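*Asks:* Below is one structure. I have some questions about it.
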Amino acid sequence: MSSPLRSKKRGNTIIWILMGMLILGLGGFGATNFGGSVRSLGTVGERDIDLRDYARTLNREIAALSAQIGQPVSFAQAQAFGIDRSVQARLLASAALENEADKIGLSVGDAAVRARILEIPAFEGLDGSFDRDAYALTLRQEGLSENEFEAKLRDEVSRTLLQGAVLGGTVAPETFVNQVAAWMHETRNFSLAELVTADLPEPVPAPTEDQIKAYYDANPEDFTAPETRQITYVWLSPEMLADEVALDEAALRAAYDERIDDYVTPEQRLVERLVYPDEATAADAKARYDAGEATFEALAAERGLNLADIDLGEQSKADLGAAGEAVFALDAPGVVGPIVSDLGPALYAMNGILDAREVTFEEARDDLAEEASADRARRLVADRSDGIEDLLASGATLEEVADETGMELGEIAVTTGTDEGIAAYPAFREAAAAATAEDFPTLAALDDGGVFALRLDRIDPPALRPLEEVRDAAVEGWTAAETHSRLLALAETLTARIEDGTALESTGVVATRFEGFARDGFIADAPGKVVEEVFALAPGGAAVVDADGRVFVVALGDVLPADMSGEDVARTRAALSAQIGQSVAEDMFQYFTQAVQNEAGVTLDNAALNAVHAQMN
């Protein structure tokens, strides 16, 4: 549960609301005069609710909502969100606690108020210390005198003490915590079998005509054609213009040269580098490696590293700089060094040799030609698009556009599942779904550089297809339903046998045994409903699980209680104790706040409320 006060941070709740308002909205709402001498929104017991506090808090909440959604929020919109009612409830709750603090004589001295004032950043000077001028200016901009503000601080601190006493006096019931933890860590032994067609005592026969007709009549949704949009389109793709593209040999060679690093790579080595603080330490490590006293991995571990930390990957001779000669002199994996590197003396481990690779221009030519052809074809499509758009804008039909431009003209029946031909493009499907009979065809782009335009010819509403058209589907559907029904009947029979004392493994079906299965456990390739049923059964019980068209039989063996002395349970108990304790404390605080508010009595001045709201509209 939540309370009006707990919509803000516990502890320094109201003071930080005031401070946030002071910092973010200095002078932003001139709440200094709402008509004559009216200064109170209402009362809770002997406590007045300052009209200006309501105005400031309401203004701040609206500003926060505006910042959150990225656009200004009007007061009418804020009211629709219930912000005004939330602020009123919060101030009423605060006043109720302050009234209760007065009633029991709870208050704080000047030293506590002074300490709070010195903590507020809005009152700091350039040197970070409290600045009397900043303090006076800030309060003046908010329409507050020092006495008024310090009185509010005193009330807030007193209220916080009362709130802390209520919240701090609650703990989670230990018995309840233990029961929940025991329930969470309980495990179970059970057997599970999925029934399949082969488990049936006899094959499912072919359906009769009456059965097919009955299934067809009972499941019209399975045989109803979806809404179909009949579309005429024109389409021009880069592939259609491939024959018109003339390849420039010089341009292909230039493209090859630009990407030479993709086609020609020098001989490389797989290298790891281990850096040391000085050459003597590196030399000692190399000596121990050569003597077989330490592996390169062990040397890295001595320096708090693993091989992944020092892996340089594929390196050419030039990449390795000063180490290149030594590393490339190795014709088998090994370690060289110490060699001075940018980071200090280092040992280099060579782990593999990658031969130089060269793809000649002739070998790369086909790929280059394909890319160049596609790129130029896309440019041709773009060059022709202006002319196509002009034709469409002049009122030419799609048929006329196809005749004049050579675009492909076609028709397609589009449903929600159509994804063949031009309907493989998301842009086409979206345009087809949005088209209306009144739309004029316009040119649109496809993601491969092609363009299209379409016309909605008609919409065929969903219609039940004749039985003869869907006979095979009806036979398949009836067979699946009949098989499922028989599997369920078999499952019920097996369940009855298990409850009479027969083990699931002895019934002739393939069963899997699970031992010590946890409540949050997972069974591969089985719906979650199976685990739910396992933990719903009583010891020795059995159940049928019908889920996702599959039939399971589960037989529960032993229920294993949690080890309450185990570390996992201890961690769970600690987490539950904190969580439940907080929930209990919050509930108690809400009830306490509501009780003192009801006992004190509440009055609200609607005229004063309306005065604030009028200035905010």
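Taken together, the values in this text are just the output of simple stated rules run on the coordinates, not laboratory data. Everything quoted here is computed from the prediction, not taken from an experiment. Please note: Cβ atoms are built from the backbone with ideal geometry, for glycine as well, and neighbour counts cover all protein chains shown.
*Asks:* Can you give me the angle between helix 174-185 and the longest principal axis of the chain, using Cα atoms only, in degrees from 0 to 90, rounded to the nearest 10?
*Replies:* Compared with the principal axis, the helix lies near 0 degrees.
*Asks:* Relative contact order for region 267-355: what is it in percent, counting Cα pairs under 8 Å that are at least 6 residues apart?
*Replies:* Computed value for region 267-355: 48 percent relative contact order.
*Asks:* Another question about this same structure. Check the straight Cα-Cα distances from residue 529 and name the aspartates and glutamates below 15 Å, setting aside those fewer than 8 residues away within the same chain.
*Replies:* Of all the aspartates and glutamates, those that pass the test against residue 529 - Cα under 15 Å, at least 8 places apart if same chain - are 194, 520, 546, 548.
*Asks:* Cα convex hull of region 267-355: mean projected area in nm², to one decimal?
*Replies:* Seen from a random direction, the Cα hull of region 267-355 projects 5.1 nm² on average.
*Asks:* Step by step: find N for region 51-201, compute 2.2 N^0.38 Å, then divide the Cα radius of gyration by it. What's the final number?
*Replies:* The reported ratio for this selection is 1.81.
*Asks:* Name the shape class, rounded, prolate or oblate, that the alpha-carbon gyration tensor gives for region 199-293, where a ≥ b ≥ c are the square roots of its eigenvalues, rounded holds for a/c under 1.5, and otherwise prolate holds if a/b is larger than b/c and oblate otherwise.
*Replies:* Oblate.
*Asks:* Please identify every one of the GluC sites (Glu not before Pro) in region 431-472 that sits in a loop by DSSP and has no more than 13 other beta carbons within 10 Å of its own beta carbon.
*Replies:* The qualifying sites are 438.
*Asks:* Based on the Kirkwood radius over alpha-carbon pairs, what value in µm²/s does the Stokes-Einstein equation return for the translational diffusion coefficient of region 153-245 at 10 °C and 1.306 mPa s?
*Replies:* Rounded, D is 65 µm²/s.
*Asks:* Let me ask something else about it. At most 16 other Cβ atoms within 10 Å and a DSSP loop assignment: could you name the trypsin sites (Lys or Arg not before Pro) in region 224-272 that fit?
*Replies:* Qualifying residues, ordered by number: 259.
*Asks:* How much mean residue ellipticity at 222 nm does the chain get from its helices, if each DSSP H run of length 4 or more adds -39500 (n - 2.57) and you divide by all residues, to the nearest 500 deg cm²/dmol?
*Replies:* -15500 deg cm²/dmol
*Asks:* Right, here's the next one. Please give me the summed charge of the neighbours of residue 539: other residues whose Cβ is under 15 Å from its Cβ, Lys and Arg +1, Asp and Glu -1.
*Replies:* That works out to -4.
*Asks:* Helix 132-141 versus the longest principal axis of the chain: what angle, 0 to 90°, nearest 10, using Cα atoms?
*Replies:* For helix 132-141, the angle is close to 80 degrees.
*Asks:* Related question: Measure off 7 Å from each Cα along the Cα-to-Cβ vector at residue 134 and residue 467, then give the distance between these two points in nanometres to one decimal.
*Replies:* Each label point is offset 7 Å from its Cα along the Cβ direction, giving 8.8 nm.
*Asks:* Then there's this: How tilted is helix 83-104 with respect to the longest principal axis of the chain? Cα atoms for both, answer in degrees (0 to 90, nearest 10).
*Replies:* Helix 83-104 sits roughly 40 degrees off the main axis of the chain.
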